[in-house]
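Each remark here refers to the structure printed beneath this line.
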Amino acid sequence: MFFKLACAFVLSVVTVGWTWASRRRERFHQNRSIKTSDFVTAETLAGGGEGVGVVLPVRGVVSNRTRDNWHTQVETKHRGEVAFVFVVEKETDDAKEAAERFVGGAAAASAEGRGGRRSARVVVSGSAENCSQKIRQQLRGAEELGAMMGDEDEDDGRSRRGFHRRFFRDEKRSKNRIKYVLFLDDDVMLYPSTIGSLVSAMEKDEKETGGNALLATGYPLDLVGGAGDGTSSSSSCFANYMTMVYHLVLLIPFSHGKYAKNVWGGCMLFRLEDFLANACKVKEAYETGGYSDDLIVAAAADREKRTILCPGDALFPMPLDPKQTVGNFLNYFHRQIFVNDTYSDGHMKFINHGMLLAMFLSSLCLTVGTVASAIDIALWLWTLAACSKTSSLSIAATEKTNVVPSLAFAVFFAHFLAVTRAKKMYASCVSLCERTAKTSPRDRKNTTSPTTRSASQTSKKPNAGRVARSGFNRTNWFKVWLALCLVYAVAPFVCAYVYFVSDEVAWSGIRYKKSRGKVSKVFSASSTR
């Protein structure tokens, strides 16, 4: 009885959360062209003239989809200067050649319609020793941007040791142009307006609060993989659904439209001087055993009472790999739970262990309550069927058939209601992606003036709205429900394993060992322990 009631309570909470998230996005639609205190308006999507340095850690083989996403990042319409820094681990990394090729090709491409000056370079970070490889590359990228700010000499065409440089426009540069650093995953698909929207949110906060916001972030929208844009067939593997449902609940805290308590490491915009000056001790935590870039920032902001901005249109479609296996998912799930047992101080330990406990208890209640409800309904149906076959019923059997397991049926109704609200939330997210893509500066220009490109060329360009819609059309929501039940049935065991047993995790071919919440050793996943 307890677990069934607890299960119904958990499902009711997420149902309310998904309903609220859906309405917040619908409200963003309605207020997009109206100037309010809650939302960035369409007129400010291109941002101000502040310079932004974009740090993209890249590693290993670069896929065609990642290259397409790089194009969406480079084609930003932000009015200010944007300097892209692709950071690779080592000179022999396959990603270095791919990034240099991309930088050279993008430099030769037409810059028509872009905002401010664009530049790009590739730098080498070296291998991590006491933090995650991603954080090592992020720190190297921020260091490079800091060197750009402090360099008073104009670029004379010479190449600095350790990186390859190309400029899209203007061969001259001056110091102190870069005000913000945007840490971005290399596989994130942006809108032309994204950087401007993030910068506008930070600039507005600076005017209203004097710069209390530590950063601006965004959030991903997982989509089941498929054959490509435009297809509506459900061709993805079940592991995609398992990954998708893990993030379903996490979409709720990112749905306010202005603020958030959580941070997504795939998109984090800081003031560069703040970051380099170790604001809220984020840089220090990164350098000394840092593993989870986003949880470190979220805990630091909470500790120092700094706000986290999350513009409503910072929503990024993320099609999942249709070749993902259940083994790939289990490694991913292990890593996602593992981060909750990493921390840089007592405050972060309290928050992360609290989230780990909440995951354990909620998934335990959900699973046991669902199984108990299923058993109750199955026994009632079996008794009903058995009694219908005989004319002589005992008093006990008659009483059993007359008592309908109403609580068990209520639990499954709560499941149904939760999944329908999740679908409604996703529909609102997809609609938001489409509207954001349509209201970008490039699309507004294309709708008001003739275009010189053919329709086939236009359709081949990456478009977040089309990607989101095709991914939503591919989604089988019965599979979403099955994946929800399965993932949260496994979650209690993974939580217990991470907390009591596991002190190591493999991530992108590298194995990390933690001690007292921090990375203590980094070595190849194939090496012996």
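What follows draws every value from the coordinates through simple rules; no lab data is involved. Since this is a predicted model, take the numbers as computed values, not measurements. Backbone-built Cβ (ideal geometry, glycine too); neighbour counts: all protein chains shown.
Annotations for the structure displayed:
- Counting charges near Val245 (Lys, Arg +1; Asp, Glu -1) among other residues having Cβ under 11 Å from its Cβ returns a value of 0.
- Separation of the range 489-526 from the range 53-94 is 28 Å, based on Cα centroids.
- Ranked by the mean number of other Cβ atoms within 10 Å of their residues, highest first, the peptides 374-384, 468-478 fall in the order 468-478, 374-384.
- Assigned charges on the beta-carbon of Lys, Arg, Asp, Glu; the range 279-382 dipole about Cα centre (debye): 80 debye
- Listed peptides 512-520, 496-504, 118-126 by packing density, highest first (mean Cβ within 10 Å): 118-126, 512-520, 496-504
- Relative exposure of Met425, Met149, Met348, judged by other C-beta atoms within 10 Å (fewest first): Met149, Met348, Met425
- Restricting the range 62-99 to GluC sites (Glu not before Pro) in coil, as DSSP defines it, with at most 16 other Cβ within 10 Å: Glu91
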